[in-house]
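Where a number appears in this text, it was derived from the coordinates with a stated rule and is not lab data. All figures in this text were calculated on a predicted structure; none of them were measured in a lab. Cβ: placed from backbone, ideal geometry, glycine included. Neighbour counts: every protein chain shown.
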Amino acid sequence: MKGLLIKDIRLMRSQGALLLGLLVIVAIFMGLVSDVSPSFVVTYITIFLSVFTATTISYDEYDNCYLFLMTLPITRKKYVNEKYVFGILITLAAWVIGMVIGTVMLITQKTGMSAAEWIISSLMSIFIAVVFMSVIMPIRFKFDGEKARYANIIVMGAILAVTFGASKLIDYIPEHITESAGKFFAALGDNGIVVLSAVLAVAALLISYICSSHIMAKKEF
């Protein structure tokens with residue numbers, strides 16, 4: 001797995017540098033010309049770079065590279081393990097970069113956000129990025145090439161549609177249910193919400209890993 005990590009890290013250095021540069025420029029531009037919050041910038045950078053892991057699978061598919069990799073002392077399970085480890089490392093690295101930029105914006109904008117609020121909102125970015133990666137990875141293992149792109153678009157569209165629909169349905173939810181939900185989250189507090197989000201993100205990652213391992217085990221090259 002170490003060799004695969006080195007390969008993907010070098011690929012990230014060569015191919016991801018331009019993407020990272022563009023993301024940083026866009027993030028800074030949004031912060032300067034709009035009222036975009038520093039928290040959004042952290043989430044934006046973290047999510048976009050976390051899905052770069054799926055891009056490395058595309059490079060592995062090119063010119064039957066899968067077949068070459070499997071002639072090495074690399075099993076399908078090790079391959080899946082490496083992609084998830086690499087994805088987590090990239091997500092953490094992207095979060096650190098986003099935090100640096102977001103902290104600078106926070107200081108210059110003087111939003112009045114406390115340190116605790118800033119840390120909590122930034123931690124949520126990691127959990128959201130992990131969920132996004134958890135959704136995309138099994139799809140990327142399942143489908144190849146153009147099919148994967150279309151599948152990603154459909155899934156992202158479905159997520160947006162469900163989110164939009166849920167936001168509209170809130171107005172029709174009985175008041176006693178919304179009050180109960182509000183009391184529940186108020187009782188949890190900020191720390192409790194962070195812990196709950198972390199648990200949900202880890203659960204999504206585990207389910208995603210199991211699905212990806214099952215898909216890869218039956219995949220034909």
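Work out from phi, with θ = phi - 60° and the Karplus expression 6.51 cos²θ - 1.76 cosθ + 1.60, the ³J(HN,Hα) of each residue of the range 70-86, listed in order in whole Hz, and give x for Gly and Pro.
6, 7, 8, x, 10, 9, 4, 5, 4, 5, 5, 4, 5, 5, 6, 5, 4
Sorting check: for 137-144, 189-196, 123-130, which peptide has the highest mean count of neighbouring beta carbons within 10 Å, and how do the rest follow?
123-130, 137-144, 189-196
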